[in-house]
Amino acid sequence: MARAIFEYTKTVLKKVSFDYSLFCKELKKAAARLLPFEIEELRIWILNLAETQPELGDSLLYLNPSK
């Protein structure tokens, strides 16, 4: 089940990647519901996405642990 949430998160983020503020909003939601190892995988996925859309690289700050 957890993998399904992770894959769904990537799908949503890819669909909203045209809008930085919407991408960040969805990324905050994802950070709240994903497991720590999935957040690391998501970080790598975003870094790869940022190669073609550099403006999204700044959104990684939302994946930093705030606790």
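Computed from the coordinates by the stated procedures, all read-outs in this text should not be read as laboratory data. Keep in mind it's a predicted model, so treat the numbers as computed, not measured. Note: ideal-geometry Cβ built from the backbone for every residue, glycine included; neighbour counts use all protein chains shown.
In the chain, which chymotrypsin sites (Phe, Trp or Tyr not before Pro) fall in coil by DSSP and have 16 or fewer other Cβ atoms within 10 Å? Show your work: numbers first, answer last.
Working: sites: F6, Y8, F18, Y20, F23, F37, W45, Y62; in loops: F18.
Passing sites in the chain are F18.
Share of pairwise Cα-Cα distances greater than 15 Å in the chain is 44 percent (whole percent).
Pick out, in residue order, every one of the GluC sites (Glu not before Pro) in region 1-66 that is DSSP loop and has at most 14 other C-beta atoms within 10 Å; say none if there are none.
Details: sites: E7, E26, E38, E40, E41, E51, E55; in loops: E51.
Of the GluC sites (Glu not before Pro), the ones in loops of region 1-66 whose Cβ has at most 14 other Cβ atoms within 10 Å are E51.
Scalar couplings 3J(HN,Hα) for region 7-24, obtained by applying the Karplus form with A = 6.51, B = -1.76, C = 1.60 to θ = phi - 60°, are 5, 4, 4, 4, 4, 4, 4, 5, 5, 9, 5, 6, 10, 4, 5, 5, 4, 5 Hz; x denotes Gly and Pro.
Name the residues of region 1-24 whose amide N is less than 16 Å from a point 7 angstrom out from the Cα of N48 along the C-beta direction? In region 1-24, the label zone of N48 (backbone N under 16 Å from the point 7 Å along Cα→Cβ) covers 6-15.
Computed from backbone phi with θ = phi - 60° and the Karplus coefficients 6.51, -1.76 and 1.60, the 3J(HN,Hα) list for region 37-45 is 5, 6, 5, 5, 5, 5, 4, 5, 4 Hz; x is used for glycine and proline.
Annotation: aspartates and glutamates with alpha-carbon distance below 19 angstrom to K25 (same-chain offsets under eight excluded): E7, E38, E40, E41, E55, D58.
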